[in-house]
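Working notes for the structure below.
The values are calculated or read from the model by the stated rules, or taken from the named source; none is laboratory data. Predicted model, so just to flag it, every value in this text is computed and none were measured. Glycine also receives a Cβ, built like all others from the backbone with ideal geometry; neighbour counts cover every protein chain displayed. Accessible surface is based on the protein model in full, side chains and every heavy atom, while ligands, DNA and RNA are left aside. Shrake-Rupley method; radii C 1.70, N 1.55, O 1.52, S 1.80 Å.
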Number of protein chains: 2
Amino acid sequence: MAVKTDLDPAIAARLKRNPDGLVAAIVRAHDSGDVLMLAWMDDEALHRTLTSGRATYWSRSRQEYWVKGATSGHFQYVKSVALDCDGDALLVTVEQVGAACHTGAPNCFFDELPVSTPAAFKPAEEL
Amino acid sequence: MAVKTDLDPAIAARLKRNPDGLVAAIVRAHDSGDVLMLAWMDDEALHRTLTSGRATYWSRSRQEYWVKGATSGHFQYVKSVALDCDGDALLVTVEQVGAACHTGAPNCFFDELPVSTPAAFKPAEEL
């Protein structure tokens, strides 16, 4: 992960990377606001995302840079990028071409888990 | 992190945890769809989130369970939870009481980074 990067040092100084040198990137659709996926960026992936127009991640499984859509055509055109308050997560807002998920689903979060809510903990307006 | 947990084994079997035993939890507002924050859950935090009605995380800094709002009053009432396609990220949709961010901001993603988009990479409809 010791790739030479042109990321603005002022931005790099605000990142709080995990032990693999990565920050989490939440990807959101510009039009619908839909949360599409979670991916990971090192400094250079963030630099490429901020300057190339295309969302670019670090693939942990392939250990290489990954321009989303490079093989599928499902590019993510970058609209905005925001860093969170403690510097370890990014919110990347994109114009998504086609399906965001490699399964063909519009987003990666289609496995709903069962939620049970005790009545005592519901907000007052719902009781 | 070897806490005994009552998380449904069928759900536990689908989780792909990081070396610390955690999965990322993207938190989204039920009403606005706003992406509020990124937090982390181990199996027991997920169990408590699915069954207590209140979003509960694992605090990496304090190394303890963290019922969001327990000290601030800014609870997150759980509406739905979805697991992503590869099992290492959750999307938690909540009714947020007050500010989600500890800074008092509505969400944690208020540090906008500068994005430059080469004209050649813009979607055709924008050229």
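Structure values in brief
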quantity	calculated
Label-point separation in nm, A:Ala70 to B:Asp34, each point 7 Å along Cα→Cβ	3.6
Dipole-positive endmost among B:Ala105, B:Ser32, B:Leu46 within chain B (Cβ charges, Cα centre)	B:Leu46
Under-5 Å amide H pairs with B:Phe75, H placed in peptide plane, nonlocal only	B:Val97
Per residue, in Å², the accessible surface of chain B once ligands and nucleic acids are set aside, probe 1.4 Å	46
Given A:Lys4/A:Lys79; A:Lys68/B:Lys16; A:Lys68/B:Lys68, the pairs whose alpha carbons are separated by over 31 Å	A:Lys68/B:Lys68
Copies compared at A:Ala99 - label distances in nm, ascending, label defined 7 Å from Cα in the Cβ direction	4.1
Check: chain A dipole with +1 on Lys, Arg Cβ and -1 on Asp, Glu Cβ, in debye	340
Antiparallel bridges, percent of DSSP beta bridges restricted to chain A (to nearest 5)	75
Size of charge dipole - the range B:46-97 - debye, nearest 20, with Cβ of Lys, Arg +1 and Asp, Glu -1, no other charges	280
Stokes-Einstein diffusion coefficient of chain B, Kirkwood radius over Cα pairs, 25 °C, 0.890 mPa s, in µm²/s	154
Buried on assembly, the range B:70-94 (at least 50 Å² less accessible surface than by itself, 1.4 Å probe)	B:Tyr77, B:Leu83, B:Cys85
Solvent-accessible area of A:Thr71 with every protein chain in place, 1.4 Å probe, in Å² to the nearest 10	150
With every protein chain in place, the protein assembly as shown: carbon and sulfur % of accessible area (1.4 Å)	53
Area buried, chain B against chain A - accessible surface, total, 1.4 angstrom probe, square angstrom	4200
Proximal charge balance of B:Phe109 [Cβ under 10 Å; K/R count +1, D/E count -1]	-3
Selected from B:Val94, B:Val23, B:Val115 as most flexible by GNM, with chain B as the system and alpha-carbon contacts under 10 Å	B:Val115
Neighbourhood net charge (11 Å Cβ-Cβ; Lys/Arg +1, Asp/Glu -1) for A:Ala29	-1
